[in-house]
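First up is the structure itself, then whatever we jot down about it.
The values are calculated or read from the model by the stated rules, or taken from the named source; none is laboratory data. Just so it is clear, the structure is predicted and the values come from calculations on it, not from any experiment. Every residue, glycine among them, receives a Cβ derived from its backbone with ideal geometry; neighbour counts consider all protein chains shown. With ligands, DNA and RNA removed, areas are computed over all heavy atoms of the protein, side chains included. Shrake-Rupley method; radii C 1.70, N 1.55, O 1.52, S 1.80 Å.
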Amino acid sequence: MPRGITNRVRELRQAGAGMTQQQLAEKVGVSRQTIIAIESGRYSPSLEVALKIARAFDQPADAVFALTEKP
Amino acid sequence: MSSMSFQEKSAWGTLASLLVIGALYFSSVVNLWRAEQLHMGAMFGLSVGFTVLLVVILVGFHIIVAAISGTENEDERDRLIAWRSGHIGGFVLGFGVVSIVLMIIGSGMVGATFWQTPVIIANALMVAIFVSTVVELALTIWFHRRGI
């Protein structure tokens, strides 16, 4: 992910009853393409969107997003 | 559902249209110049004609895309990509315009007339606008595909 951030968005989205990318996008207020980009590591969301994603999964933000360790 | 946002589809269509219309326009300009027929009247006709053609193509393309896949509101990623690609495109345009100004001043100082001709200056500015727009659109597509 740009700037050394990883995420578990896809894992959490597919867990339990499962949620589609479109459903998550509507909950968070972004496009489905942005969710795709976040899950594939091509886009690092803003703090607001990251917090909304975490809230959608009922998880703390640092359980969804994490800084990668520098080598 | 498509993995491309409306903004990315728009960029692809606009880039393809601009490259085709731009190639036709500048080849027409070169042909007229070689035939020593490149004057302001011809320039006006070419500019208006190709601009209208480009607008018609782009409007038609966007109507078709919107009808097929619908439009979406821009989200933060779309806005960031638009800002960054526009920012870089602006630098390209600025570089082009400054280069043209330097060519005009430099040629004037040495008495060369090529860069003192209005049709040449007008077309040079068109090239700068064309190149900067192509760069902006290409970057929009790049950032959507490869990340930002």
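Residue B:113 meets the conditions (1) surrounded by fewer than 17 Cβ atoms within 10 Å (Cβ to Cβ); (2) at pLDDT 90 or above in every case but one. The failed one is (2). Taken over segment B:53-94, residues that are open to solvent by 60 Å² or more (accessible area, probe 1.4 Å), within 14 Å of chain A (Cβ to nearest Cβ) and in a helix (DSSP H, G or I) amount to 3.
Within segment B:7-35, the residues that satisfy the criterion of being closer than 17 Å to residue B:144 by Cβ, in contact (Cβ under 8 Å) with a residue 60 or more places away in the chain and not hydrophobic (A, V, I, L, M, F, W, C) are B:7, B:8, B:9, B:14. In segment B:129-148 there is at least one residue matching the filter, namely being surrounded by 11 or more Cβ atoms within 10 Å (Cβ to Cβ), within 14 Å of chain A (Cβ to nearest Cβ) and of a type in the set (Phe, Trp, Tyr).
Output yes when any residue across segment B:37-45 is closer than 30 Å to residue B:84 by Cα and surrounded by 18 or more Cβ atoms within 10 Å (Cβ to Cβ), and no when none is. No, there is no match, as no residue in segment B:37-45 is closer than 30 Å to residue B:84 by Cα and surrounded by 18 or more Cβ atoms within 10 Å (Cβ to Cβ). Restricting attention to segment B:1-25 and to residues that are assigned to a helix (DSSP H, G or I) and within 14 Å of another protein chain (Cβ to nearest Cβ), the residue that is nearest to residue B:58 (Cα to Cα) turns out to be B:10. Residues being in contact with a Ser or Thr (Cβ under 6 Å, 6 or more places away or on another chain) and either closer than 30 Å to residue A:31 by Cβ or among the β-branched types (Val, Ile, Thr) (or both) are entirely absent from segment B:108-126.
Within segment B:104-128, being over 18 Å from residue B:30 (Cβ atoms) and either within 14 Å of chain A (Cβ to nearest Cβ) or assigned to a helix (DSSP H, G or I) (or both) holds for B:104, B:105, B:106, B:107, B:108, B:109, B:110, B:116. Suppose we filter segment B:22-33 for residues that are within 12 Å of the chain's Cα centre (by Cα) and crowded, with 18+ Cβ neighbours inside 10 Å; how many remain? Result for segment B:22-33: 2.
Considering only segment A:42-71, state which residues are over 16 Å from residue B:80 (Cα atoms) and within 14 Å of chain B (Cβ to nearest Cβ). Talk me through it step by step, then tell me what you get.
At the first step, the residues of segment A:42-71 found to be over 16 Å from residue B:80 (Cα atoms) are A:51-71.
Within segment A:42-71, A:51, A:52, A:53 meet the criteria.
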